[in-house]
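K.L.:
Quick one: the structure is below, questions incoming.
The values are calculated or read from the model by the stated rules, or taken from the named source; none is laboratory data. All values reported here derive from a predicted model rather than from experimental measurement. As a convention, Cβ positions derive from the backbone with ideal geometry for all residues, glycine included, and neighbour counts pool all protein chains shown. Heads up: the accessible areas ignore ligands, DNA and RNA and are worked out on the full protein's heavy atoms, side chains in. Shrake-Rupley method; radii C 1.70, N 1.55, O 1.52, S 1.80 Å.
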Amino acid sequence: MVDLHLHSTFSDGSRTPEEVAALAREAGLSAAVLTDHDNWRGADRFRAAADAAGLRTAVGMEISADVPGRTVHLLAYGFDPADAALASAMERVRGGRRARNAEIYAKLARLGCPVSPEEVEREAGTPDLVARPHIAAALVRKGFARDRADAFRRFLERGAPAYADRFRLAPDEAIRLVRGAGGAVSLAHPYSTRYDRSELRAFVARLAEAGLDGIEAYYTGHLPGQVEELLGLAAEFGLVATGGSDFHGDAKPNVRVGVAYGGLKVPDASFDAILARAASSRRG
Ligand code: AMP
Ligand code: FE
Ligand code: FE
Ligand code: ZN
């Protein structure tokens, strides 16, 4: 078994890359990929720990794509971290995140619930990738919200008074950049899009046309019928069925590396097949 969707302290996960690799080993996995949001700064440390633990791995990240009103996340695998076009596009994405965060801080101050960038960075553990869950944690710590869910509801979710949007890449642009860097792309947790069955099929068809390589058929909480539906889409559009737990550590304490709530089983072939697609994007 493998786990191709894992977060660390390099985004909104609570465990270090070394800890995540150790958990993957304890789960008895043969391969694991760290997919932090919008960056791969944890990749070298994860690779070193994975090598030491006898786990196969590849570079990865999760990109939030711009589809108005929808949550569309793309998982990128096996790209060249030195690719200039991808690196500069992702720097632009991270700049958009910093500008968005500054807007949120200003709105929170106007609402009488100020949090400073330093307070939020302390929750994040790093200034590199500050996400809304870190802002939520700072709001809780200062007594402006009961818990993180409350902080999202009162302040941070779309439609709430401190919400601000951020720059995202269009999905076909993200696919083009990752494939241009010799990587492969899988559509993460497809049901988070909240498309109905026929809309999802049309969306996957469009992304497949744009070069999508995989679809995350195996995922925390997917019911057997949902896995079947996604395997059907994978077969129909020639996509690799990928999978992972979306482990975040303490932020989602019931989701364990490799097994999620206990029933997740992502076949080894998922790892080999998605990396084969990355290799074929390198051959052009
Ligand atoms: P960001 O990329 O900074 O906009 O933060 C997005 C992250 O916030 C997601 O990956 C989720 O983990 C978390 N998130 C988004 N909406 C909610 C919500 N309504 N309640 C709790 N967490 C949320
Ligand atoms: Fe996350
Ligand atoms: Fe995601
Ligand atoms: Zn994720």
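K.L.:
Just to make sure I understand: if all protein chains stay in place, what is the order of Tyr191, Tyr163 by accessible area at 1.4 Å, largest first?
P.N.:
Ranked list, largest accessible area first: Tyr191, Tyr163.
K.L.:
Another question, if that's okay. Pull up all non-local amide H partners of Leu169: gap of 5 or more, or a different chain, and H-to-H distance under 5 Å with H placed in the peptide plane.
P.N.:
Here the answer is Asp66, since their amide H atoms fall under 5 Å of that of Leu169.
K.L.:
Note down the net charge around Asp44, summing +1 for each Lys or Arg and -1 for each Asp or Glu among other residues with Cβ under 13 Å from its Cβ.
P.N.:
For residues surrounding Asp44, the net value is 0.
K.L.:
I would also like to ask the following. Between Asp268 and Arg146, take the C-beta separation as r, use R0 = 51 Å, and let me know the FRET efficiency to the nearest 0.05.
P.N.:
0.75
K.L.:
Using the Cα centre as the reference, give the magnitude of the dipole from point charges on the C-beta atoms of the range 97-156 (Lys, Arg: +1; Asp, Glu: -1; all else neutral), rounded to the nearest 20 debye.
P.N.:
Roughly 280 debye, rounded to the nearest 20.
K.L.:
Rounding to the nearest 20 debye, state how big the charge dipole of the chain is about its Cα centre with +1 on each Lys and Arg Cβ and -1 on each Asp and Glu Cβ.
P.N.:
Result for the chain is approximately 700 debye, rounded to the nearest 20.
K.L.:
Here's a follow-up. Note the full-extension length gain between Ala48 and Glu91 as 0.36 nm times their separation in residues minus their Cα-Cα distance, in nm to one decimal.
P.N.:
Gain on extension, Ala48 to Glu91, equals 13.0 nm.
K.L.:
Given H placed on each backbone N at 1.01 Å, which residues far from Thr242 in sequence or on other chains put an amide H within less than 5 Å of it?
P.N.:
Under 5 Å from the amide H of Thr242 lie the amide H atoms of Ile215, Glu216, Ala217, Tyr218, each far enough along the sequence or on another chain.
K.L.:
Also, I was wondering about something else. Please list, in chain and number order, the residues 5+ apart from Gly258 or on another chain whose amide H is under 5 Å from its amide H, with Hs placed from the backbone.
P.N.:
When sequence neighbours closer than 5 places are left aside, the close amide H contacts are Ser245.
K.L.:
Please report the carbon-and-sulfur percent of the accessible area for the range 97-156; probe 1.4 Å, protein heavy atoms only, DNA, RNA and ligands left out.
P.N.:
Carbon and sulfur atoms account for 51 percent of the accessible area of the range 97-156.
K.L.:
If you don't mind, another one. Quick one: check the C-alpha center-to-center distance for the range 1-75 versus the range 236-284, whole angstrom.
P.N.:
10
K.L.:
Using the Kirkwood radius built from alpha carbon pairs, what does the Stokes-Einstein equation give as D for the range 1-94 at 37 °C and 0.692 mPa s, in µm² per second?
P.N.:
Rounded to a whole number, D works out at 242 µm²/s.
K.L.:
Averaged per residue, what accessible surface does the range 2-90 expose to a 1.4 Å probe, in Å²?
P.N.:
Ligands and nucleic acids excluded, the figure is 35 Å² per residue.
K.L.:
Where does the chain land at 222 nm, in deg cm²/dmol rounded to the nearest 500, when only DSSP H runs of n ≥ 4 count, each adding -39500 (n - 2.57), divided by all residues?
P.N.:
-13500 deg cm²/dmol
K.L.:
From the phi of every residue in the range 223-238, what ³J(HN,Hα) in whole Hz does the Karplus formula 6.51 cos²θ - 1.76 cosθ + 1.60 yield, where θ is phi - 60° and glycine or proline is x?
P.N.:
Whole-Hz 3J(HN,Hα) from phi for the range 223-238: 7, x, x, 6, 4, 4, 4, 6, 5, x, 5, 4, 5, 4, 9, x.
K.L.:
At Asn254 and Tyr163, where each label point lies 7 Å from the Cα along Cα→Cβ, what is the point-to-point distance in nanometres?
P.N.:
Here the modelled spin labels are 2.5 nm apart.
K.L.:
Next question, about the same structure. Could you give each residue of the range 106-122 its phi-based ³J(HN,Hα) in whole Hz, using Karplus coefficients 6.51, -1.76, 1.60 with θ = phi - 60°, and x for Gly or Pro?
P.N.:
Computed from phi, the couplings for the range 106-122 are 5, 5, 5, 4, 5, 7, x, 10, x, 10, 8, x, 5, 4, 6, 4, 5 Hz.
K.L.:
What whole-number volume per residue, in cubic angstrom, does the convex hull of the C-alpha atoms of the range 65-209 give?
P.N.:
Here the figure is 115 Å³ per residue.
K.L.:
In the Gaussian network model of the chain, springs joining C-alpha atoms below 10 Å, which of Arg197, Arg25, Arg94 carries the largest mean-square fluctuation?
P.N.:
It is Arg197.
K.L.:
In addition: Taking Cα pairs under 8 Å and at least six residues apart, what relative contact order does the range 1-138 come out at, in percent?
P.N.:
Averaging sequence separation for qualifying contacts and normalising by length gives 21 percent for the range 1-138.
K.L.:
Let's test this: bin the Cα-Cα distances of the range 97-156 at 10 Å from zero up to the farthest pair and state each bin's percent.
P.N.:
Pairs per bin, as whole percents: 27, 62, 11.
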